[in-house]
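Reading through the structure tokens given below for one structure.
Please treat every number below as a calculation from the coordinates, not as lab data. On a predicted model such as this, the values are computed, not experimentally measured, just so you know. Glycine gets a Cβ as well: all are built from the backbone with ideal geometry, and neighbour counts include every protein chain shown.
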Amino acid sequence: MNKILIIPFVLLFFFNTNSQNSRGVIEYGKKSKKRVLTEKDKQRMKETPEKYKRFQKMYELYAEGEKKLTFELRVDNNIGIFTMKPLLESESNHKKQLGPGPYDKGVYYNKDKRILQLNAFGELFLITKPKLKWEIQKETKKIGEFECFKATTEIIVNTKGRKHLITAWFTTKIPISFGPLGYDGLPGLILELEVYKKIYYAKKIMLNPKEEIKIEKPTKGIKVTEKEYQEKASSTLQKNKGI
């Protein structure tokens, strides 16, 4: 028997009470983390107010564009795929360019390993991502009706070894160990992910639908490790500087 439960705020769930909830389709939205003015920002406002206003206007346009984005995570047992859903044709090309970031357009595939299919620098890549090492923190918070646990991990973002902190909020009530942008490996579904000052948040969850969940493994592209891709990106950017 299917059971429909409407959760306050942004979450809508469809449950099949006789199954293990290991299959599902999850929709995510994206928004910018609330911006806090630093002392440096305040100084810029005083020194170059017009330039700062233009920057603020561009920031607002990006934030508005992000609200129009919807992402989909499809999961069938131990396989998951995460993609951005197509934008409506009514949206102008200008707004299309403002919302998505470069990694939003990738195809993230999870099974035995994490793979990102990404079009960059005029080529299509199949990037094997390293296994994540999560640390589960003491903090908890409610998202809708779910008690969520905080987990953090660090990723290396360039050839110089610079690290970036990733924060995830997951619930053990939904036994799906996947989330946005290919992040996986936690003992429950990631309902909220903070990465690069952006927040991906669950909007709608359908568990164990009657319909078949289609997941096609991406196979096209130049196969590289994440380190090899970073080296390629660094080399290309250096060449472009000289043009």
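Structure values in brief
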quantity: Length gained when the stretch residue 77-residue 158 is fully extended (0.36 nm per residue, less Cα-Cα span); calculated: 25.9 nm
quantity: Diffusion constant of region 141-243 at 37 °C, which comes from Stokes-Einstein with the Kirkwood Cα-pair radius and 0.692 mPa s, µm²/s; calculated: 200 µm²/s
quantity: Whole-Hz couplings from phi, Karplus 6.51/-1.76/1.60, listed for region 154-167; x for Gly and Pro; calculated: 10, 10, 8, 10, 8, 6, 8, x, 5, 10, 10, 7, 10, 10
quantity: Where only alpha carbons of region 71-213 are counted, the Rg and the Dmax (Å); calculated: 15.8, 48
quantity: Potential extension, residue 238-residue 111 segment - 0.36 nm per residue separation minus Cα distance; calculated: 42.3 nm
quantity: Protection proxy ranking, peptides 74-83, 127-136, 177-186, average beta carbon neighbours within 10 Å, highest first; calculated: 177-186, 74-83, 127-136
quantity: Burial ranking of peptide ranges 144-150, 156-162, 198-204 (average Cβ count within 10 Å, highest at the top); calculated: 198-204, 144-150, 156-162
quantity: Amide hydrogen neighbours beyond the local backbone of residue 178, cut-off 5 Å, H modeled; calculated: 190
quantity: 5 angstrom amide H check on residue 173, placed H, neighbours 5+ away; calculated: none
quantity: Virtual paramagnetic centre 7 Å along Cα→Cβ of residue 120, amide N under 17 Å, in region 178-195; calculated: 181-183, 195
quantity: Flagged links, alpha-carbon separation over 29 Å, of 141/217; 113/150; 133/197; 46/239; 113/198; calculated: 141/217; 46/239
quantity: Within straight-line cross-link reach of residue 111, aspartates and glutamates at Cα separation under 12 Å, skipping those fewer than 8 residues along the same chain; calculated: 76, 184, 216
